[in-house]
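Nothing in this text is a laboratory measurement; each read-out follows from the coordinates by a stated rule. Since the structure is predicted, the reported quantities are computational estimates derived from the model, not experimental observations. Neighbour counts are summed over all protein chains in view; Cβ atoms, including those assigned to glycine, are modelled from backbone coordinates with ideal geometry.
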Amino acid sequence: MEIVFLNALANGILLGGVLALLAFGLNLIFGVVKVIHMAYGQCVMLGMYVIYTLKVIYGVPLLVASAVSVVIMGVWGTLLHLLVIRPLLGAERLNQLLALAGLIVVFENLAHVIWGADLRGVRVDLPIVSLGNVFLKTSNLLAFGGALVVLGILYGVLHKTYVGLAIRAVAQDRECATLMGINPGRIYLLTLTIGGALTGLIAAFFSPIYSVHPHFGGSFTLMAFIIVVLGGMGNLAGGFIGAFIIGVVTSFAAVITSTEVAEIVALTIFILVVLVRPQGLLGARRAR
Amino acid sequence: MKAVAKIILLGLVIGFPLVGVSPYLLHVATLIFIWAFIATGWSYMGRFGLVSLGHGAFIGIGAYTAGLLFNHFSLSPWAGMIVGGILAGVMALIIGWACFRFGVMGDYFALLTLALGEIVSLVLVAFRDYTGGSLGFTLKRVGSSWFYLQFEDKAYFYYIALSFLLAALFLWRCIDRSRMQKALRAIGEDEIAAATLGVRIVKYKLRVTIMSAFVAAIGGVLYAQYVTYLNPHTLAGVGPSLDIAFKAILGGMYSLWGPTVGTTIIVVLEEYIRVNYGAKYVGISQIAYGVALVLLIIFMPKGIFGTMEEKIRRVLSGRSRSRDPGQKH
């Protein structure tokens, strides 16, 4: 039994790494543009289909396919900003949410029409690594390591470069940032492009682990929400910690009972956090 | 003029099955009535700023309660409807009280209810020994029976669904005429200001939420009885929850007939494309529907019917004013 729990813990942490990247993208968009991207997981799903198409149908090497997916999803994010999010910037919060929820319908059916409802997977044979009694899949380890590296780079960009400073400035106070000569429209565009490229990257990490189908994104969108709310909306550090909490908790719940119960547990945590501590674990209490 | 038009329309709707239309058309009309019933119930709360993205939870609770009680204990779905409605109401009471007590509003409320709908769907799948899991289950067939709410002839369901829809529209009117409507409108516009004026926010919000949940649960029972098959992915979870909200929003959740118009447009469009272009293109019609929805929210936040109604009203009042300026309305 101990061994089972140890494995659950290890795999939960590995899952947490990738979830942290997913939550980072959602959080960045929320923090800067103040829009909840309801179809974020669905973008990851589209990215996975791009990789599948390139790798399986055109025989492109996986690494190249992944790189292409990052570029395509980055462009996709830019288009999304120009066509949907920018026209909605002045609208009510609820309308923004509903319009982006409408995109879920568009993306899932787009995938359904183009690729059909079957499971599509990129077949990669990687060995299993064992540390004593703990067994880890190489693909999970790679995804975890890759996610941490990317998070590190993004942290560096946000804190050490001029553009990063501008992004953080807009996130903190849009009007003051405008007065300092930052063009918030361009920062929004950049944020959505980065967010889009991230979905392509996450798709690259997911491809060797999961097979994709049109409704693949739904549960990951919900997972990302849960993490973002748990850590505090717009709080990047909180999202990082929240990802590992949710990764480990769902991993344990799945081992003890079933995957459905694991999801129910995660969603219940979400509801309780929204009710009792809407500012998240690390957020400061603010008057509403 | 308006009253005459209404009576003619009602007469046409009532007479529709009597002129020997095909069972397929009756089927489409019945689907429209059932989902319009649910969408109207959704708008009870939606139009006061309580946008729920989790009404699938209430539909699922209602349909599964009545369905399981019928299959295992042969309980009449009429009684099951009440039991399911009450259970959904209790669920709405618990969640609603918690939300309103802690001041969960707007997009947080929408996200929380979205999670609720998904939880109910997952619970239905998890209890697969009783509910059949993802595969769902079929209701026992008993032939035509009023007591068990099953009919061989589609016309019965047509009239039943129509009466329920009319009842829901009537209830909308009742809400409009009650003190509740004034209170809720004040809350929807500025909650804190309303509270300082002594409006009991939690009480009024809870009341309308429970009504809405009850209607959704009954709608779930009707739908399940009509298709005699229950599935967690068509009766609960994110998909159906969003569909209900979209139908109401597309038509216009602020107007009495908005949700009905929205449902009609979506169901007719879907059926038309499915029949004429096959299953593959249902996906394309869904894409078009999604795109239309996004465009509509950007350009017509009041919905198709809501915007039309406003335009017509403006044109009518403008015209009557220009023709005989002395007349007052």
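What to note about this one:
- Amide H contacts of B:Gln150: B:Ser145, each under 5 Å away and 5 or more positions distant or on a separate chain (H built 1.01 Å from N in the peptide plane; Pro and chain starts excluded).
- Of the three principal axes defined by the Cα atoms of the protein assembly as shown, the extents in descending order read 75, 63, 51 Å.
- Once you divide the Cα radius of gyration of the stretch B:71-131 by 2.2 N^0.38 Å, the number left is 1.40.
- When exposed loop sites are taken as trypsin sites (Lys or Arg not before Pro) in a DSSP loop with at most 15 other Cβ atoms within 10 Å, the longest stretch of chain B clear of them is B:1-139.
- Estimated inter-spin distance, B:Leu166 and A:Ser211, nm [label 7 Å along Cα→Cβ]: 5.2 nm
- Estimated FRET transfer efficiency (B:Asp153, A:Ser219; beta-carbon r; R0 45 Å; 0.05): 0.60
- In the stretch A:36-68, chymotrypsin sites (Phe, Trp or Tyr not before Pro) in a DSSP loop with at most 11 other beta-carbon atoms within 10 Å: A:Tyr58
- Sequence-distant lysines (8 or more away, or on other chains) whose Cα lies within less than 24 Å of A:Lys160: A:Lys34
- Classification of the stretch B:191-319 by its C-alpha gyration tensor yields an oblate form. The axis ratio a/c (a ≥ b ≥ c) is 1.5 or more, and b/c is at least a/b.
- Computed log₁₀ I(q)/I(0) - Debye formula, equal Cα scatterers, no solvent, the stretch B:25-251, q 0.12 Å⁻¹: -0.62
- If R0 is taken as 45 Å, the Cβ-Cβ distance between B:Lys203 and A:His159 corresponds to a FRET efficiency of 0.40.
- Taking amide H as placed 1.01 Å from N in the peptide plane, B:Tyr229 has its amide H under 5 Å from the amide H of B:Leu139, each at least 5 places away in sequence or on another chain.
- The mean number of Cβ atoms from other chains found within 10 Å of a Cβ in peptide B:297-304 is 4, as a whole number.
- Spin-label pair A:Ile114-B:Val4: with each label point 7 Å from Cα along the Cα-Cβ axis, the two points sit 5.5 nm from one another.
- Taking only the C-alpha atoms of chain A, Rg followed by Dmax gives 18.8, 60 Å.
- Potential lengthening between A:Val71 and A:Leu131 on full extension [0.36 nm per residue; Cα-Cα distance subtracted]: 18.0 nm
- Across the stretch A:89-102, computed HN-Hα scalar couplings (Karplus, 6.51 cos²θ - 1.76 cosθ + 1.60, θ = phi - 60°) run 4, x, 7, 5, 3, 5, 5, 4, 4, 5, 5, 5, 5, x Hz from first to last residue, x flagging Gly and Pro.
- Shown in residue order for the stretch A:167-175 are the 3J(HN,Hα) couplings computed by the Karplus curve 6.51 cos²θ - 1.76 cosθ + 1.60 at θ = phi - 60°: 4, 5, 5, 5, 4, 6, 7, 4, 5 Hz (x for Gly and Pro).
- Residue-normalised convex hull volume from the C-alpha trace of the stretch B:1-154: 156 Å³ per residue.
- Estimated FRET transfer efficiency when R0 is 35 angstrom, pair B:Ser145-B:Phe16 (beta carbons, to 0.05): 0.90
- Length-normalised contact order of the stretch A:1-107 in % [C-alpha pairs under 8 Å, at least 6 apart]: 31 percent
- D by Stokes-Einstein for the stretch B:1-65, Kirkwood Rh over Cα pairs, 4 °C, 1.567 mPa s: 89 µm²/s.
- Chain A: relative contact order in percent, alpha carbon pairs under 8 Å with at least 6 residues between: 37 percent
- The protein assembly as shown - mean residue ellipticity at 222 nm from DSSP helices (-39,500 (n - 2.57) per run, n ≥ 4, rounded to 500): -25000 deg cm²/dmol
- Shown for the stretch B:154-311: lysine pairs separated by 8 or more places, or found on different chains, whose C-alpha atoms are under 17 Å apart, numbering 4.
- Mean shadow area of the stretch A:124-273 over all directions, Cα convex hull, nm²: 11.2 nm²
- The shape of the stretch A:1-73 can be summarised by an equivalent ellipsoid whose semi-axes, obtained from the alpha carbon gyration tensor, come to 27, 23, 9 Å from longest to shortest.
- Of the chymotrypsin sites (Phe, Trp or Tyr not before Pro) found in the stretch B:1-89, none is in coil by DSSP with at most 15 other Cβ atoms within 10 Å of its Cβ.
- The magnitude of the dipole of chain B, with charges of +1 and -1 set on the Cβ of Lys/Arg and Asp/Glu and taken from the Cα centre, is near 1120 debye.
- Remark: mean inter-chain Cβ contacts per residue of B:99-106 equal 3, using a 10 Å Cβ-Cβ cutoff to other protein chain atoms.
- Computed extension length for A:Leu83-A:Gln279: 67.5 nm, one decimal, from 0.36 nm per residue of separation with the Cα-Cα distance subtracted.
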